[in-house]
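Here is the structure we will look at.
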Amino acid sequence: MDLAGKKILLGLTGGVACYKAAELARGLGKAGASVQVVMTQAATQFITTVTMQALTGNTVYTDQWDARIENNMPHIDLTRGIDAIVIVPCSTDFIFKLAHGACDDLLSTLCVARPHGVPLMIAPAMNVEMWQNPATQRNIAQVQQDGIKLLGPDSGDQACGEVGYGRMLEPEQLLEEIIAAFQPKLLAGRRVLLTAGPTFEPIDPVRGITNLSSGKMGYALARAAREAGAEVVLVSGPTALTAPYGVRRIDVQTAQQMHDAVFANVSGQDVFIAVAAVADWRVVNVSNQKLKKSTDDDSLHLSFEQNADILADVAALPKRPYCVGFAAESENLEQYGAAKRVKKNIPLLVGNIGHQTFGKDENALTLFDDKGHTSLPRADKQTLARQLVREIAHRLATAGTH
């Protein structure tokens, strides 16, 4: 589990978005964290302490004079031994308190009293005009200068009926960001470009040729690269997946569109990871109208031509990024994987057995380089993605320039 053994102090301040905090608390628990909730009095107007206690299994605290703490110092005791404080939602008023070191309730006092090195993350939630107010923006700048990590906000529909920035991130996005905070920043300052998913080559306006790739491995790698501190661009074929928070996603359909998107963004990239299952051929004689069955002739004649090899073309650039390829084989993985790496002229190729991974949540990877091959045993794709990112970061560090 991503947060196994972690102790998270989850603070709630007043706002409608408190209902999302309940979902986040549940997600943190499923990820292995122990969650201690502290609520302001304003927060109790939107969600009950009973709800948060039921979701976390721990007593919820609201009063800085709570006598259940033996020494009557909950602002001290509750912060000792924790791994992070996360304020969800964080109101305009509470951001002001953090910016100025105000201590007039339990949650604000324990934020100031937290031990050095314990990260503090806040998820702002407020009306768009409140968010844009100059005073709020001054306070936001101050808390960021003080090392407090900002989670959002996002832009969208708000409870008041208005639209704009100030909407709190969704629980799934917040969970991703909290998990990312504990990942080593092995790619800090790096830029990573990835491809993921299948491509779709049309036959007519309603039919086409594709494959069984779900995009899960590529999306897991995009998330892992961003967790490691990289700026990530994801060029994605058709999938049902949601892009990881903070990753710039470019949607494409055909192999040619993917090729064009890659070359529009490859300049200045440090790493290129070609995970997508790109169609080798495309139909030349694409019909402008839906092809109909014929009672006289039940045959269909399609002409094909090869698509451009995106990975080989990137690897051939004069100033190429560090190139990582993927190979999905059905047999002889070690033989074909090693040969493909040499043919593509890339430093690292990752191989797997396609029918054992397409659409599944788990995978097993074999890494091919100029020294031979090593295996990453079968595991969930996010775990493998983090392992592969560590491998890439290590190779980048030892390779120097590329």
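The values are calculated or read from the model by the stated rules, or taken from the named source; none is laboratory data. Keep in mind that what you see is a predicted model, and the values were worked out from it rather than measured. With ideal geometry, Cβ positions are generated from the backbone for all residues, glycine too; neighbour counts draw on all protein chains shown.
Among the conditions (1) touching a residue at least 60 places away in the same chain (Cβ under 8 Å); (2) touching a helix residue (DSSP H, G or I) at 6+ places or on another chain (Cβ under 7 Å); (3) under 16 Å from Leu348 (Cβ atoms), the only one that Asn363 does not satisfy is (3). Looking at Lys381, is it among the basic types (Lys, Arg) and without any contact (Cβ under 8 Å) to a residue 60 or more places away in the chain? Judged against the criteria, Lys381 is not a match.
Where in segment 189-264 are there strands (runs of 3 or more DSSP E), lying fully within it, with 3 or more residues that are of a type in the set (A, V, I, L, M, F, W, C) and within 19 Å of Pro321 (Cβ to Cβ)? Break it down stepwise before answering.
Working: elements: 191-196, 231-236, 248-251.
Result: 191-196, 231-236.
Conditions tested, residue by residue: (1) over 23 Å from Ser214 (Cβ atoms); (2) out of contact with any helix residue (DSSP H, G or I) (no Cβ under 7 Å at 6 or more places or on another chain); (3) in a helix (DSSP H, G or I); (4) modelled with pLDDT under 90.
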position	(1), (2), (3), (4)
Glu331	no, yes, no, yes
Gly337	no, yes, yes, yes
Leu376	no, no, no, yes
Thr401	yes, yes, no, yes
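Number of residues in segment 184-215 that are touching an Asp or Glu at 6+ places or on another chain (Cβ under 8 Å) and modelled with pLDDT under 95: the value is 3.
Sub-8 Å Cβ pairs linking a first residue in segment 259-271 that is within 17 Å of Ala316 (Cβ to Cβ) and in contact (Cβ under 8 Å) with a residue 24 or more places away in the chain to a second residue that is assigned to a helix (DSSP H, G or I) and of a type in the set (A, V, I, L, M, F, W, C), at least 6 apart or interchain, are His259/Ile310; Val262/Ile310; Val262/Val314; Phe263/Val314; Val266/Val314; Val271/Ala225; Val271/Ile392; Val271/Leu396, ordered by first then second residue.
Taking segment 125-134 as the search range and keeping residues that are in a loop (DSSP other than H, G, I, E, B) and touching a strand residue (DSSP E or B) at 6+ places or on another chain (Cβ under 8 Å), which one is surrounded by the most Cβ atoms within 10 Å (Cβ to Cβ)? Here the residue is Ala125. Comparison of Ala33, Ala21 shows that the only residue that is in contact with a Pro (Cβ under 7 Å, 6 or more places away or on another chain), small (Gly, Ala, Ser), in contact (Cβ under 8 Å) with a residue 24 or more places away in the chain and closer than 21 Å to Val118 by Cα is Ala21.
One residue stands out in segment 135-161 among those that are within 16 Å of Ile122 (Cα to Cα) and in a loop (DSSP other than H, G, I, E, B): the one that is farthest from the chain's Cα centre (by Cα), namely Asp146. Only one of the listed residues (Phe304, Phe272) is closer than 23 Å to Arg191 by Cα and either in contact with a Lys or Arg (Cβ under 7 Å, 6 or more places away or on another chain) or surrounded by 13 or more Cβ atoms within 10 Å (Cβ to Cβ) (or both). That residue is Phe272.
Would you confirm, using the coordinates I've provided, whether Leu302 is part of a loop (DSSP other than H, G, I, E, B) and either out of contact with any Ser or Thr (no Cβ under 6 Å at 6 or more places or on another chain) or under 27 Å from Val324 (Cβ atoms) (or both)? It is true that Leu302 is part of a loop (DSSP other than H, G, I, E, B) and either out of contact with any Ser or Thr (no Cβ under 6 Å at 6 or more places or on another chain) or under 27 Å from Val324 (Cβ atoms) (or both). Taking the criterion of being free of Cβ contacts under 8 Å to residues at least 12 places away in the same chain, surrounded by fewer than 13 Cβ atoms within 10 Å (Cβ to Cβ) and closer than 16 Å to His100 by Cα, the residues of segment 136-158 that qualify are Gln137, Ala141, Gln145. Checking the structure you have, find out if any residue of segment 167-180 is touching a helix residue (DSSP H, G or I) at 6+ places or on another chain (Cβ under 7 Å) and part of a strand (DSSP E or B). No, segment 167-180 contains no residue that is touching a helix residue (DSSP H, G or I) at 6+ places or on another chain (Cβ under 7 Å) and part of a strand (DSSP E or B). If you filter segment 305-328 down to residues that are in a strand (DSSP E or B) and under 27 Å from the mean Cα position of the chain (by Cα), you find that the one that is modelled with the lowest pLDDT is Ala328.
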